[in-house]
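The values are calculated or read from the model by the stated rules, or taken from the named source; none is laboratory data. Bear in mind the structure is a predicted one, so any value in this text is a computation, not a measurement. Glycine also receives a Cβ, built like all others from the backbone with ideal geometry; neighbour counts cover every protein chain displayed. These accessible areas exclude ligands, DNA and RNA; they are computed on the full protein's heavy atoms, side chains included. Shrake-Rupley method; radii C 1.70, N 1.55, O 1.52, S 1.80 Å.
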Amino acid sequence: MSAAARRRGWREWLSPARAAVAAGWCLLSVAGVWLVQRLVRVSMIDVMVYRAAGWTVRTGGDLYSLRADGLPMTYPPFAGLLFVPLTWLDVGAMRTAATVANLLLAVAFAALSLRLVDRRPTVASALLLTALVVWCEPVWATLRYGQVNLLLAVLVLADLTCRADRRWAGVGIGIAAGIKLTPVLFVALLALAAFTTRGRGTPYLRRASVAAGTFAATVGVAALALPHDSVRYWTQDVFSPDRAGYAEEVANQSLRGVLARLTHSGDPGTLWLCVALAVALAGLAVAVGALTAGDRLPFAAAWAAVSCGVTALLVSPVSWTHHWVWAVPMTVLLVAEGVRRHDRRWVWGAAAAVLVFCSYALWALPHGRARPELHENPAQMLLAACYPLAGLAFLAVAGRVVTTALRTESPSPARAARSRAARLRSRTAGSRSPAGRAAKRRPAPRRSRSADSP
């Protein structure tokens, strides 16, 4: 066997071996999470609300009058239809199924986060990233409460990372928006990108149309199945941000929560609306600029996706800590930029993100039914705003990166062809060196036909 064949054989063996080792670490980490959450007896309160919503739909009750452990249904009626299968299992089996589903979604989420910066992430890298992110506070809390955040992020990222010629790209974003309204901002992102590029050789108009059409279909299906609940939701409850909880709660990591704690008020009112509108416009501008920058911006899809996701979290009336799963692709992007630029400052930025989103520090602040958040001192306010501050810092960095890229001259087709040719020459430079020519002149060893035949 030649040396090249032996190397190929080792690579083929080592790749599954690496995946097996990574799977072992991933299973060990997941088992640790499962054990700790069983020891602390997590309530999985949100999935219990989902089950109650499904049961209400199944029995023909009033979806938006239900209370499960004092918590209401806050999602669109279409989500209530999707929650009906949760009633087919007893509570114990449903809790187990929800946890297993979220763990599998965590693997898919890790793989898609890597795909934003690497078109072909390995199985091993996705499993190793999963082993780490399940201990990240937003992902941990998603597992703890049985939330749908990982499902929504996977649906959105699957659309944003697929091939440009995929016919049904946008369906995932539309379904995600039908389950929860926050992903609607990604529909706006695609629509604005289509308007900016005038549809010239880009898939954004088709994807925006598919996403908007899918979202409209979810609204229509729910209206046919649940007419009373649909009317109530779209005319009343959608305009009641306080249904989800108190704005000042430390768990509310949106700009509205920050302003409520800053002003010692449960409702920051007009101030929040003005700030949220400004941040929404700025964040969307950054995301659209990244998505339309093309070859001028490495990891353009990653910058666009994370910027839009972070913007949605900042401007939402309520963004609980478990909504901030977008911290995972944010950190992956910062690390990838550090590697690409050979600049440690980006890696330090990623380390800071890990510190913010994996330290659980904000839970050391006073919180509870007595609403101590309305009496925080400046240091407590700063710690209580760590997620939004990290999001704003990321948008500031993204704005600078995108602006620099847009000011760069777009490479012409001829220049792009020359660049590809240069890369090809660099790959074959070894064969043109004296050693490479000598290797070419050296006759290959004879092999018997029987040895090569299958």
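Taking each residue as 0.36 nm, the span from Ala370 to Leu104 lengthens on full extension beyond its C-alpha to C-alpha distance by 92.0 nm. Counting only protein heavy atoms and a 1.4 Å probe, the chain has 51 square angstrom of accessible area per residue.
A straight chain from Leu39 to Ser65 at 0.36 nm per residue would run longer than the Cα-Cα distance by 6.0 nm. For the charge dipole of the chain, defined by +1 on Lys and Arg C-beta atoms and -1 on Asp and Glu C-beta atoms about the Cα centroid, which residue among Trp25, Val275, Thr142 has the Cα displaced farthest towards the positive pole? The one lying farthest along the dipole's positive direction is Trp25. Extension gain, Ala31 to Trp88: 0.36 nm times the residue separation minus the Cα-Cα distance gives 17.9 nm.
In the chain, the portion of solvent-accessible area held by carbon and sulfur atoms comes to 65 percent [1.4 Å probe, whole percent, DNA, RNA and ligands not counted]. Between the amide H of Trp320 and those of Gln253, distances stay under 5 Å, these residues lying 5 or more places away or on another chain, with hydrogens modeled in the peptide plane.
Dividing the mean sequence gap of close Cα pairs (under 8 Å, 6+ apart) by how many residues the stretch 162-270 holds gives a relative contact order of 21 percent. For the pair Arg119 and Arg198, label points projected 7 Å from Cα toward Cβ lie 2.8 nm apart. Can you check what the net charge comes to around Phe195, using other residues whose Cβ is under 15 Å from the Cβ of Phe195 (Lys, Arg +1; Asp, Glu -1)? Neighbourhood net charge equals +4.
What the Cβ-Cβ distance of Ala351 and Ala164 gives, at R0 = 35 Å and to the nearest 0.05, is a FRET efficiency of 0.55. Span-like helix criteria (full DSSP H runs; alpha carbon extent of at least 18 Å along the helix axis; mean Kyte-Doolittle hydropathy of at least -1.0) are satisfied in the chain by 3-39, 45-59, 91-115, 184-197, 204-225, 270-292, 300-315, 327-341, 344-358, 386-406.
Over the chain, dividing the summed -39,500 (n - 2.57) contributions of all DSSP H runs of at least 4 residues by the number of residues returns a 222 nm mean residue ellipticity of -21500 deg cm²/dmol. Annotation for Gln236 and Ala361: the two label points, set 7 Å from Cα along the Cα-Cβ direction, are 4.3 nm apart.
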